[in-house]
Protein chains: 2
Amino acid sequence: MLPRMPHDIRALTFDIFGTVVDWYGSIAAEVTRIGLPTEGGRFALDWRAGYPPAMQEVRSGALPWTNIDGLHRRILDRILAARGIVLPEVEAAALNRIWHRLDPWPDSAAGLAQLKQRHVIATLSNGNLSLLVNLARHGGLPFDAVLSAELFNHYKPDPEVYLGAARLLDLQPAQVLMVAAHPSDLRAAAACGLRTAYVMRPLEKGPGGVPEASRPGEFDFTAASFHELARQLAG
Amino acid sequence: MLPRMPHDIRALTFDIFGTVVDWYGSIAAEVTRIGLPTEGGRFALDWRAGYPPAMQEVRSGALPWTNIDGLHRRILDRILAARGIVLPEVEAAALNRIWHRLDPWPDSAAGLAQLKQRHVIATLSNGNLSLLVNLARHGGLPFDAVLSAELFNHYKPDPEVYLGAARLLDLQPAQVLMVAAHPSDLRAAAACGLRTAYVMRPLEKGPGGVPEASRPGEFDFTAASFHELARQLAG
(Lines give C-alpha, C1' and ligand atoms only; values in the text may rest on other atoms or scores of the structure.)
Protein backbone atom coordinates (compact mmCIF):
# COMPACT_ATOMS: atom_id res chain seq x y z
CA MET A 1 0.00 0.00 0.00
CA LEU A 2 1.34 3.43 -0.90
CA PRO A 3 1.14 6.42 1.42
CA ARG A 4 -1.86 8.56 0.66
CA MET A 5 0.07 11.79 0.34
CA PRO A 6 3.67 13.00 0.19
CA HIS A 7 5.27 12.91 3.57
CA ASP A 8 8.22 14.35 5.49
CA ILE A 9 8.58 11.68 8.14
CA ARG A 10 11.67 12.16 10.31
CA ALA A 11 11.05 9.84 13.24
CA LEU A 12 9.20 6.60 13.88
CA THR A 13 7.67 5.95 17.30
CA PHE A 14 6.82 2.36 18.17
CA ASP A 15 4.21 0.78 20.30
CA ILE A 16 6.01 -2.08 22.04
CA PHE A 17 3.73 -4.72 23.64
CA GLY A 18 2.44 -6.79 20.73
CA THR A 19 3.98 -4.59 18.03
CA VAL A 20 7.69 -5.16 18.74
CA VAL A 21 7.63 -7.94 21.37
CA ASP A 22 5.50 -11.07 21.75
CA TRP A 23 3.95 -10.85 25.21
CA TYR A 24 1.61 -13.81 24.66
CA GLY A 25 4.28 -16.33 23.66
CA SER A 26 6.85 -15.07 26.17
CA ILE A 27 4.47 -15.19 29.15
CA ALA A 28 2.99 -18.55 28.18
CA ALA A 29 6.51 -20.00 27.96
CA GLU A 30 7.50 -18.51 31.34
CA VAL A 31 4.41 -19.93 33.06
CA THR A 32 5.38 -23.37 31.75
CA ARG A 33 9.05 -22.91 32.62
CA ILE A 34 8.38 -22.08 36.28
CA GLY A 35 5.75 -24.83 36.56
CA LEU A 36 2.78 -22.66 37.47
CA PRO A 37 -0.30 -24.94 37.70
CA THR A 38 -2.33 -23.13 35.03
CA GLU A 39 -2.56 -22.94 31.25
CA GLY A 40 0.07 -20.43 30.10
CA GLY A 41 -1.74 -18.92 27.12
CA ARG A 42 -4.91 -18.25 29.09
CA PHE A 43 -2.83 -16.78 31.92
CA ALA A 44 -1.11 -14.41 29.48
CA LEU A 45 -4.45 -13.30 28.03
CA ASP A 46 -5.93 -12.67 31.48
CA TRP A 47 -2.88 -10.70 32.58
CA ARG A 48 -2.99 -8.51 29.50
CA ALA A 49 -6.79 -8.09 29.71
CA GLY A 50 -6.42 -6.47 33.12
CA TYR A 51 -4.25 -3.74 31.69
CA PRO A 52 -6.71 -1.34 29.98
CA PRO A 53 -9.03 -1.17 33.04
CA ALA A 54 -6.01 -0.62 35.32
CA MET A 55 -4.85 2.29 33.15
CA GLN A 56 -8.38 3.64 33.19
CA GLU A 57 -8.24 3.68 37.00
CA VAL A 58 -5.16 5.91 36.73
CA ARG A 59 -6.75 8.06 34.03
CA SER A 60 -9.89 8.60 36.10
CA GLY A 61 -7.91 9.48 39.20
CA ALA A 62 -9.24 6.47 41.16
CA LEU A 63 -5.61 5.37 41.39
CA PRO A 64 -2.69 7.82 41.71
CA TRP A 65 -0.03 7.65 38.99
CA THR A 66 1.21 4.06 39.00
CA ASN A 67 3.70 2.76 36.48
CA ILE A 68 3.20 -0.39 34.45
CA ASP A 69 5.33 -2.51 36.77
CA GLY A 70 2.93 -1.53 39.55
CA LEU A 71 -0.19 -2.12 37.43
CA HIS A 72 1.11 -5.49 36.20
CA ARG A 73 1.70 -6.55 39.79
CA ARG A 74 -1.83 -5.58 40.89
CA ILE A 75 -3.30 -7.61 38.05
CA LEU A 76 -0.96 -10.54 38.69
CA ASP A 77 -2.00 -10.76 42.33
CA ARG A 78 -5.64 -10.83 41.25
CA ILE A 79 -5.31 -13.52 38.56
CA LEU A 80 -3.19 -15.69 40.84
CA ALA A 81 -5.80 -15.37 43.60
CA ALA A 82 -8.59 -16.21 41.15
CA ARG A 83 -6.76 -19.47 40.42
CA GLY A 84 -6.08 -20.19 44.07
CA ILE A 85 -2.33 -19.96 43.47
CA VAL A 86 -0.19 -18.64 46.33
CA LEU A 87 3.35 -17.61 45.42
CA PRO A 88 6.08 -16.47 47.81
CA GLU A 89 6.69 -12.73 47.43
CA VAL A 90 10.09 -13.23 45.82
CA GLU A 91 8.60 -15.53 43.17
CA ALA A 92 5.67 -13.22 42.44
CA ALA A 93 8.08 -10.30 42.05
CA ALA A 94 10.26 -12.37 39.71
CA LEU A 95 7.25 -13.43 37.63
CA ASN A 96 6.13 -9.80 37.33
CA ARG A 97 9.54 -9.04 35.79
CA ILE A 98 8.78 -11.30 32.80
CA TRP A 99 7.44 -8.11 31.19
CA HIS A 100 11.08 -6.89 31.16
CA ARG A 101 12.25 -9.98 29.21
CA LEU A 102 9.64 -10.42 26.48
CA ASP A 103 11.07 -11.79 23.24
CA PRO A 104 10.86 -9.67 20.08
CA TRP A 105 9.05 -10.87 16.96
CA PRO A 106 11.46 -12.51 14.50
CA ASP A 107 11.67 -9.40 12.26
CA SER A 108 11.89 -6.81 15.05
CA ALA A 109 15.62 -6.35 15.72
CA ALA A 110 16.77 -6.52 12.10
CA GLY A 111 13.78 -4.50 10.89
CA LEU A 112 14.45 -1.74 13.41
CA ALA A 113 18.11 -1.62 12.37
CA GLN A 114 16.96 -1.20 8.76
CA LEU A 115 14.46 1.55 9.65
CA LYS A 116 17.09 3.32 11.77
CA GLN A 117 19.29 3.89 8.74
CA ARG A 118 16.99 6.64 7.46
CA HIS A 119 14.92 7.65 10.46
CA VAL A 120 15.15 8.28 14.17
CA ILE A 121 13.47 5.33 15.91
CA ALA A 122 12.02 5.61 19.41
CA THR A 123 9.78 3.58 21.65
CA LEU A 124 6.44 5.16 22.56
CA SER A 125 4.92 2.75 25.00
CA ASN A 126 2.89 2.73 28.16
CA GLY A 127 5.69 0.62 29.64
CA ASN A 128 7.85 2.41 32.17
CA LEU A 129 11.27 3.57 31.05
CA SER A 130 13.33 1.00 32.94
CA LEU A 131 11.14 -1.80 31.56
CA LEU A 132 11.63 -0.51 28.01
CA VAL A 133 15.40 -0.25 28.52
CA ASN A 134 15.46 -3.87 29.70
CA LEU A 135 13.33 -5.04 26.76
CA ALA A 136 15.64 -3.27 24.31
CA ARG A 137 18.72 -4.83 25.89
CA HIS A 138 17.10 -8.27 26.04
CA GLY A 139 16.08 -8.21 22.39
CA GLY A 140 18.96 -6.25 20.89
CA LEU A 141 16.55 -3.53 19.76
CA PRO A 142 18.59 -0.53 18.55
CA PHE A 143 16.28 2.33 19.52
CA ASP A 144 17.70 5.85 19.34
CA ALA A 145 15.56 6.96 22.26
CA VAL A 146 13.31 5.36 24.85
CA LEU A 147 10.12 7.40 25.19
CA SER A 148 7.51 6.27 27.66
CA ALA A 149 4.12 7.35 28.94
CA GLU A 150 5.96 7.68 32.25
CA LEU A 151 7.67 10.85 30.97
CA PHE A 152 4.29 12.53 30.56
CA ASN A 153 2.33 11.08 33.51
CA HIS A 154 -0.31 10.08 30.98
CA TYR A 155 -1.07 6.77 29.31
CA LYS A 156 -1.83 6.26 25.66
CA PRO A 157 -4.27 6.97 24.10
CA ASP A 158 -4.18 10.33 25.95
CA PRO A 159 -2.97 13.01 23.49
CA GLU A 160 -0.28 14.19 25.93
CA VAL A 161 1.76 11.11 25.07
CA TYR A 162 1.79 11.53 21.27
CA LEU A 163 2.24 15.31 21.40
CA GLY A 164 4.87 15.01 24.11
CA ALA A 165 6.89 12.62 21.96
CA ALA A 166 6.80 14.99 18.98
CA ARG A 167 7.87 17.87 21.24
CA LEU A 168 10.82 15.94 22.74
CA LEU A 169 11.91 14.90 19.24
CA ASP A 170 11.64 18.57 18.21
CA LEU A 171 9.34 17.67 15.33
CA GLN A 172 5.93 18.62 14.06
CA PRO A 173 3.37 15.86 14.72
CA ALA A 174 3.11 15.18 10.96
CA GLN A 175 6.85 14.43 10.90
CA VAL A 176 6.34 11.54 13.32
CA LEU A 177 5.09 8.13 12.21
CA MET A 178 3.37 6.09 14.91
CA VAL A 179 3.90 2.38 14.32
CA ALA A 180 1.54 -0.05 16.04
CA ALA A 181 -0.34 -3.31 15.70
CA HIS A 182 -3.39 -1.69 17.32
CA PRO A 183 -5.82 0.48 15.33
CA SER A 184 -7.00 2.25 18.51
CA ASP A 185 -3.45 3.46 19.25
CA LEU A 186 -3.05 4.64 15.65
CA ARG A 187 -6.38 6.47 15.62
CA ALA A 188 -5.42 8.39 18.74
CA ALA A 189 -2.05 9.26 17.18
CA ALA A 190 -3.75 10.42 13.97
CA ALA A 191 -6.11 12.62 15.99
CA CYS A 192 -2.97 14.40 17.27
CA GLY A 193 -1.67 14.90 13.72
CA LEU A 194 0.87 12.05 13.63
CA ARG A 195 1.18 9.80 10.59
CA THR A 196 0.29 6.14 11.09
CA ALA A 197 1.68 2.73 10.16
CA TYR A 198 -0.31 -0.39 10.92
CA VAL A 199 1.95 -3.42 11.29
CA MET A 200 -0.11 -6.59 11.46
CA ARG A 201 0.77 -9.04 14.23
CA PRO A 202 -1.89 -11.76 13.77
CA LEU A 203 -0.39 -13.95 16.52
CA GLU A 204 -0.36 -11.22 19.17
CA LYS A 205 -3.14 -12.88 21.19
CA GLY A 206 -2.08 -16.43 20.39
CA PRO A 207 -3.19 -18.81 17.66
CA GLY A 208 -6.91 -18.17 18.26
CA GLY A 209 -6.66 -14.43 18.80
CA VAL A 210 -8.72 -11.91 16.89
CA PRO A 211 -7.06 -8.54 16.09
CA GLU A 212 -8.91 -5.25 16.55
CA ALA A 213 -10.96 -4.37 13.49
CA SER A 214 -9.79 -1.71 11.04
CA ARG A 215 -10.86 -0.44 7.65
CA PRO A 216 -8.73 -0.97 4.52
CA GLY A 217 -6.79 2.20 3.75
CA GLU A 218 -7.50 3.64 7.17
CA PHE A 219 -3.80 4.26 7.92
CA ASP A 220 -0.98 5.89 5.97
CA PHE A 221 0.94 2.62 5.78
CA THR A 222 -0.04 -1.00 6.31
CA ALA A 223 2.65 -3.68 6.45
CA ALA A 224 3.14 -7.29 7.54
CA SER A 225 6.64 -6.65 8.97
CA PHE A 226 9.14 -3.91 9.79
CA HIS A 227 11.09 -4.88 6.67
CA GLU A 228 8.02 -4.29 4.51
CA LEU A 229 7.46 -0.95 6.23
CA ALA A 230 11.08 0.02 5.48
CA ARG A 231 10.54 -0.80 1.81
CA GLN A 232 7.37 1.30 1.71
CA LEU A 233 9.07 4.27 3.40
CA ALA A 234 11.97 4.06 0.96
CA GLY A 235 9.66 3.85 -2.05
CA MET B 1 42.54 3.70 41.35
CA LEU B 2 40.24 1.24 43.14
CA PRO B 3 36.75 2.11 44.30
CA ARG B 4 36.71 3.14 47.93
CA MET B 5 34.01 0.69 48.96
CA PRO B 6 32.07 -2.27 47.55
CA HIS B 7 29.46 -1.16 45.06
CA ASP B 8 26.29 -2.37 43.37
CA ILE B 9 26.38 -0.17 40.29
CA ARG B 10 23.67 -1.03 37.75
CA ALA B 11 23.65 1.96 35.45
CA LEU B 12 26.11 4.56 34.22
CA THR B 13 24.88 8.05 33.37
CA PHE B 14 27.12 10.19 31.20
CA ASP B 15 27.72 13.86 30.96
CA ILE B 16 28.06 14.52 27.22
CA PHE B 17 29.64 17.89 26.28
CA GLY B 18 33.35 17.44 26.93
CA THR B 19 33.01 13.99 28.49
CA VAL B 20 31.78 12.01 25.46
CA VAL B 21 32.08 14.54 22.62
CA ASP B 22 34.72 17.14 21.75
CA TRP B 23 32.87 20.44 21.47
CA TYR B 24 36.05 22.52 21.22
CA GLY B 25 37.59 20.66 18.29
CA SER B 26 34.30 20.18 16.45
CA ILE B 27 33.25 23.83 16.67
CA ALA B 28 36.70 25.16 15.80
CA ALA B 29 36.73 22.91 12.70
CA GLU B 30 33.22 24.04 11.68
CA VAL B 31 34.12 27.73 11.99
CA THR B 32 37.06 27.13 9.66
CA ARG B 33 35.01 24.98 7.28
CA ILE B 34 32.34 27.65 6.74
CA GLY B 35 34.93 30.44 6.50
CA LEU B 36 33.77 32.54 9.43
CA PRO B 37 36.23 35.46 9.80
CA THR B 38 37.30 34.66 13.36
CA GLU B 39 39.64 32.27 15.18
CA GLY B 40 37.75 28.98 15.60
CA GLY B 41 39.18 27.89 18.96
CA ARG B 42 38.46 31.23 20.61
CA PHE B 43 34.97 31.23 19.11
CA ALA B 44 34.30 27.77 20.57
CA LEU B 45 35.50 28.86 24.01
CA ASP B 46 33.36 31.99 23.97
CA TRP B 47 30.29 30.06 22.88
CA ARG B 48 30.74 27.51 25.64
CA ALA B 49 31.53 30.20 28.24
CA GLY B 50 28.11 31.75 27.68
CA TYR B 51 26.41 28.55 28.68
CA PRO B 52 26.59 28.51 32.52
CA PRO B 53 25.28 32.09 32.84
CA ALA B 54 22.48 31.32 30.37
CA MET B 55 21.44 28.29 32.43
CA GLN B 56 21.59 30.44 35.53
CA GLU B 57 19.10 32.83 33.92
CA VAL B 58 16.71 29.90 33.55
CA ARG B 59 17.41 28.63 37.07
CA SER B 60 16.75 32.06 38.56
CA GLY B 61 13.53 32.49 36.63
CA ALA B 62 14.83 35.50 34.69
CA LEU B 63 14.29 33.40 31.56
CA PRO B 64 11.42 30.90 31.21
CA TRP B 65 12.41 27.26 30.53
CA THR B 66 14.52 27.37 27.37
CA ASN B 67 16.22 24.32 25.97
CA ILE B 68 19.90 24.19 25.05
CA ASP B 69 19.23 24.81 21.36
CA GLY B 70 17.56 28.05 22.39
CA LEU B 71 20.31 29.02 24.84
CA HIS B 72 23.04 28.22 22.31
CA ARG B 73 21.31 30.43 19.78
CA ARG B 74 21.06 33.39 22.20
CA ILE B 75 24.78 33.10 22.95
CA LEU B 76 25.67 32.67 19.28
CA ASP B 77 23.85 35.85 18.31
CA ARG B 78 25.76 37.74 21.01
CA ILE B 79 29.25 36.45 20.13
CA LEU B 80 28.64 37.06 16.43
CA ALA B 81 27.52 40.61 17.15
CA ALA B 82 30.57 41.19 19.38
CA ARG B 83 32.74 40.30 16.38
CA GLY B 84 30.72 42.43 13.98
CA ILE B 85 29.74 39.32 12.00
CA VAL B 86 26.31 39.36 10.36
CA LEU B 87 25.00 35.99 9.15
CA PRO B 88 21.80 35.36 7.19
CA GLU B 89 19.22 33.63 9.42
CA VAL B 90 19.50 30.33 7.60
CA GLU B 91 23.28 30.26 8.11
CA ALA B 92 23.05 31.20 11.79
CA ALA B 93 20.48 28.45 12.34
CA ALA B 94 22.72 25.95 10.54
CA LEU B 95 25.75 27.01 12.60
CA ASN B 96 23.74 26.58 15.82
CA ARG B 97 23.10 22.97 14.78
CA ILE B 98 26.83 22.17 14.99
CA TRP B 99 26.03 21.19 18.60
CA HIS B 100 24.03 18.28 17.11
CA ARG B 101 27.05 17.01 15.14
CA LEU B 102 29.93 17.15 17.63
CA ASP B 103 32.50 14.39 17.15
CA PRO B 104 33.07 11.88 19.96
CA TRP B 105 36.48 11.43 21.58
CA PRO B 106 38.42 8.56 19.99
CA ASP B 107 37.60 6.10 22.81
CA SER B 108 33.93 7.07 23.24
CA ALA B 109 31.99 4.76 20.89
CA ALA B 110 34.05 1.61 21.53
CA GLY B 111 34.34 2.37 25.24
CA LEU B 112 30.59 2.82 25.61
CA ALA B 113 30.00 -0.48 23.79
CA GLN B 114 32.36 -2.15 26.27
CA LEU B 115 30.66 -0.56 29.30
CA LYS B 116 27.23 -1.51 27.92
CA GLN B 117 28.04 -5.21 28.15
CA ARG B 118 27.66 -5.17 31.93
CA HIS B 119 25.69 -2.01 32.69
CA VAL B 120 22.84 0.11 31.44
CA ILE B 121 24.34 3.23 29.86
CA ALA B 122 22.39 6.48 29.52
CA THR B 123 23.11 10.07 28.70
CA LEU B 124 22.50 12.60 31.49
CA SER B 125 23.13 15.93 29.88
CA ASN B 126 21.79 19.44 29.86
CA GLY B 127 21.46 19.03 26.10
CA ASN B 128 17.90 18.67 24.87
CA LEU B 129 16.69 15.22 23.93
CA SER B 130 16.63 15.71 20.16
CA LEU B 131 20.18 17.10 20.27
CA LEU B 132 21.37 14.07 22.25
CA VAL B 133 19.66 11.69 19.82
CA ASN B 134 21.42 13.41 16.93
CA LEU B 135 24.80 13.28 18.71
CA ALA B 136 24.37 9.57 19.41
CA ARG B 137 23.46 8.85 15.77
CA HIS B 138 26.31 11.05 14.49
CA GLY B 139 28.91 9.35 16.67
CA GLY B 140 27.55 5.80 16.73
CA LEU B 141 27.13 5.99 20.51
CA PRO B 142 25.15 2.94 21.69
CA PHE B 143 23.26 4.45 24.62
CA ASP B 144 20.44 2.37 26.10
CA ALA B 145 18.50 5.51 27.00
CA VAL B 146 18.71 9.23 26.34
CA LEU B 147 18.08 11.13 29.55
CA SER B 148 18.14 14.91 29.46
CA ALA B 149 17.66 17.84 31.80
CA GLU B 150 14.74 18.63 29.50
CA LEU B 151 12.77 15.73 31.03
CA PHE B 152 12.92 17.39 34.44
CA ASN B 153 12.72 21.09 33.52
CA HIS B 154 15.87 21.56 35.57
CA TYR B 155 19.49 21.90 34.56
CA LYS B 156 22.43 20.15 36.20
CA PRO B 157 23.69 20.66 38.84
CA ASP B 158 20.13 20.90 40.25
CA PRO B 159 19.41 17.71 42.24
CA GLU B 160 16.16 17.09 40.34
CA VAL B 161 18.22 15.93 37.35
CA TYR B 162 20.33 13.29 39.16
CA LEU B 163 17.45 12.03 41.31
CA GLY B 164 15.09 12.04 38.34
CA ALA B 165 17.48 9.86 36.36
CA ALA B 166 17.73 7.31 39.18
CA ARG B 167 13.94 7.28 39.47
CA LEU B 168 13.39 6.71 35.74
CA LEU B 169 15.99 3.93 35.77
CA ASP B 170 14.15 2.44 38.79
CA LEU B 171 17.36 2.41 40.81
CA GLN B 172 18.58 3.71 44.14
CA PRO B 173 20.93 6.70 43.67
CA ALA B 174 23.88 4.59 44.92
CA GLN B 175 23.24 2.12 42.08
CA VAL B 176 23.90 4.87 39.51
CA LEU B 177 27.40 5.94 38.52
CA MET B 178 27.68 9.48 37.16
CA VAL B 179 30.50 9.72 34.62
CA ALA B 180 31.86 13.17 33.82
CA ALA B 181 34.98 15.15 33.02
CA HIS B 182 33.79 17.92 35.35
CA PRO B 183 34.33 17.74 39.12
CA SER B 184 31.44 20.18 39.75
CA ASP B 185 28.99 17.84 38.00
CA LEU B 186 30.30 14.86 39.98
CA ARG B 187 30.12 16.70 43.31
CA ALA B 188 26.46 17.56 42.70
CA ALA B 189 25.75 13.92 41.76
CA ALA B 190 27.53 12.68 44.91
CA ALA B 191 25.46 15.08 47.04
CA CYS B 192 22.39 13.24 45.69
CA GLY B 193 23.87 9.86 46.64
CA LEU B 194 25.12 8.78 43.20
CA ARG B 195 28.52 7.16 42.76
CA THR B 196 31.06 9.12 40.70
CA ALA B 197 33.60 8.45 37.97
CA TYR B 198 35.96 11.21 36.86
CA VAL B 199 37.12 10.67 33.29
CA MET B 200 39.90 13.09 32.45
CA ARG B 201 39.59 14.96 29.16
CA PRO B 202 42.64 17.27 29.23
CA LEU B 203 41.95 18.61 25.71
CA GLU B 204 38.35 19.60 26.41
CA LYS B 205 39.11 23.33 26.25
CA GLY B 206 41.77 23.02 23.58
CA PRO B 207 45.55 22.67 23.83
CA GLY B 208 45.94 25.50 26.37
CA GLY B 209 42.88 24.68 28.45
CA VAL B 210 42.98 24.18 32.19
CA PRO B 211 40.58 21.58 33.67
CA GLU B 212 38.55 22.28 36.83
CA ALA B 213 40.55 21.48 39.96
CA SER B 214 39.86 18.32 41.96
CA ARG B 215 41.48 16.49 44.87
CA PRO B 216 43.15 13.09 44.44
CA GLY B 217 40.78 10.34 45.58
CA GLU B 218 37.82 12.70 45.58
CA PHE B 219 35.72 10.41 43.33
CA ASP B 220 34.90 6.71 43.44
CA PHE B 221 36.69 6.11 40.15
CA THR B 222 39.21 8.13 38.17
CA ALA B 223 40.15 7.07 34.65
CA ALA B 224 41.81 8.42 31.53
CA SER B 225 39.36 6.74 29.14
CA PHE B 226 36.11 4.76 29.02
CA HIS B 227 38.15 1.61 28.42
CA GLU B 228 40.09 2.19 31.64
CA LEU B 229 36.83 2.81 33.50
CA ALA B 230 35.45 -0.50 32.14
CA ARG B 231 38.53 -2.33 33.44
CA GLN B 232 38.13 -0.71 36.86
CA LEU B 233 34.43 -1.61 37.05
CA ALA B 234 35.19 -5.21 36.08
CA GLY B 235 37.97 -5.50 38.63
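The values are calculated or read from the model by the stated rules, or taken from the named source; none is laboratory data. Everything quoted here is computed from the prediction, not taken from an experiment. Glycine also receives a Cβ, built like all others from the backbone with ideal geometry; neighbour counts cover every protein chain displayed. These area figures cover heavy atoms from the full protein model, side chains too; ligands, DNA and RNA do not enter into them. Shrake-Rupley method; radii C 1.70, N 1.55, O 1.52, S 1.80 Å.
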Q. Taking the Cα centre of chain A as the origin and placing charges on Cβ (Lys, Arg +1; Asp, Glu -1), which of A:169, A:200, A:31 is farthest toward the positive end of the dipole?
A. A:200
(Q) Relative contact order for chain A: what percent, with Cα pairs under 8 Å and sequence separation of 6 or more? (A) 26 percent
Q.
Could you work out how much longer the chain between residue B:200 and residue B:101 gets when fully extended? Use 0.36 nm per residue separation minus the Cα distance between them, nm to one decimal.
A. 33.4 nm
Q) What is the stretch A:95-235 by shape, rounded, prolate or oblate, if you read a ≥ b ≥ c off the alpha carbon gyration tensor as root eigenvalues and call it rounded for a/c under 1.5, prolate for a/b larger than b/c, and oblate otherwise? A) rounded
Q.
Charges at C-beta only: +1 for Lys and Arg, -1 for Asp and Glu. How large is the resulting dipole of the protein assembly as shown about its Cα centre, in Debye rounded to 20?
A. 180 debye
Q: Note down the net charge around residue A:75, summing +1 for each Lys or Arg and -1 for each Asp or Glu among other residues with Cβ under 10 Å from its Cβ.
A: +2
Q.
I want the local charge near residue A:22. Using Cβ-Cβ distances under 10 Å, sum +1 for each Lys or Arg and -1 for each Asp or Glu among the other residues.
A. -1
Q | Inter-probe distance in nm under a simple model that places probes 7 Å from Cα toward Cβ, at residue B:117 and residue B:172 | A | 2.8 nm
Q) Suppose every K and R has +1 on its Cβ and every D and E has -1 on its Cβ; what is the size of the dipole of chain B about the Cα centre, in Debye to the nearest 20? A) 160 debye
**Q.** Nearest-20 debye value, the stretch A:1-81 charge dipole, Cβ charges on Lys, Arg, Asp, Glu
**A.** 120 debye
Q. At 222 nm, what helix-only mean residue ellipticity would chain B give, in deg cm²/dmol to the nearest 500, using -39500 (n - 2.57) for each DSSP H run of four or more?
A. -13000 deg cm²/dmol
Q | Zone of residue B:39's modelled label, taken as backbone nitrogen in the stretch B:77-101 under 16 Å from a point 7 Å along Cα→Cβ | A | B:83
Q) Over the stretch A:114-235, what percent of the accessible surface lies on carbon and sulfur atoms, probe 1.4 Å? A) 55 percent
Q.
Within 10 Å of each candidate Cβ there may be at most 14 other Cβ atoms; applying that plus a DSSP loop requirement, which GluC sites (Glu not before Pro) in the stretch B:1-80 survive?
A. B:39
Q: Nearest 5 is fine: what % of DSSP beta bridges in chain B come out antiparallel, could you say?
A: 5 percent
Q: Return the average number of partner chain Cβ atoms within 10 angstrom of each residue Cβ along peptide A:143-151.
A: 5
(Q) Per 0.36 nm of contour for each residue apart, how much would the distance between residue B:214 and residue B:85 grow if the chain were fully extended, relative to their Cα-Cα spacing? (A) 42.6 nm
